[in-house]
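Take a look at the structure below.
The values are calculated or read from the model by the stated rules, or taken from the named source; none is laboratory data. Being a predicted model, the structure only gives us computed values, none of them experimental. Reconstructed Cβ throughout: ideal geometry from the backbone, glycine too, with neighbour counts over all protein chains shown. Ligands, DNA and RNA are excluded from the accessible area calculation, which covers all protein heavy atoms including side chains. Shrake-Rupley method; radii C 1.70, N 1.55, O 1.52, S 1.80 Å.
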Amino acid sequence: FRAAKPLVMLRRGATLNAPGRGEAMSSFVRITYVVPRDGQGARVMETLKKLSDFYVTQPGYLGGYQLNPLPTSASNACGRIGIWASMDAAENAAQTEHVMALRAELLRLVDEDTHVEYTFVGDPDPMS
């Protein structure tokens, strides 16, 4: 058995305190799920990367992941997960001109009706 890599890689200096090690901190989690139009997979991934590159510069951004299709999967669905200190921090970043332009580009590159956004309040798992 090999130890799993941490689920959440935090931005340098950011911390999530686990229960029993101080105050547990809830985070705002946003998950984007899309299916690229035929031939647009690379451009979708590039646009998601641009979003990630911008988010790491924003206040309250704790970390995230770009979600790539498995090489063995027949699906080309992809997306990203962003973890924020608060819903306000996520919304402030989302309302910038830069993000709105990138998201408009993303909508042109994905199959109609496949762009789904999920939002959650996330609590860290207890650490043993």
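In the range 51-63 there is at least one residue matching the filter, namely being surrounded by fewer than 19 Cβ atoms within 10 Å (Cβ to Cβ) and charged (D, E, K, R).
Evaluated against (1) part of a loop (DSSP other than H, G, I, E, B); (2) open to solvent by 90 Å² or more (accessible area, probe 1.4 Å), Gly39 falls short on exactly one condition, (2). Within the range 85-97, the set of residues being surrounded by fewer than 12 Cβ atoms within 10 Å (Cβ to Cβ) and either in contact (Cβ under 8 Å) with a residue 40 or more places away in the chain or not in a loop (DSSP other than H, G, I, E, B) (or both) comprises Glu97 only.
Could you check, for the range 102-121, whether at least one of its residues is in contact with a Phe, Trp or Tyr (Cβ under 6 Å, 6 or more places away or on another chain) and of a type in the set (Phe, Trp, Tyr)? Checked the range 102-121: no residue is in contact with a Phe, Trp or Tyr (Cβ under 6 Å, 6 or more places away or on another chain) and of a type in the set (Phe, Trp, Tyr). Quick one: in the range 69-84, which of the residues that are surrounded by 15 or more Cβ atoms within 10 Å (Cβ to Cβ) and more than 13 Å from the chain's Cα centre (by Cα) is farthest from Ser52 (Cα to Cα)? If we take residues in the range 69-84 being surrounded by 15 or more Cβ atoms within 10 Å (Cβ to Cβ) and more than 13 Å from the chain's Cα centre (by Cα), then Asn76 is farthest from Ser52 (Cα to Cα).
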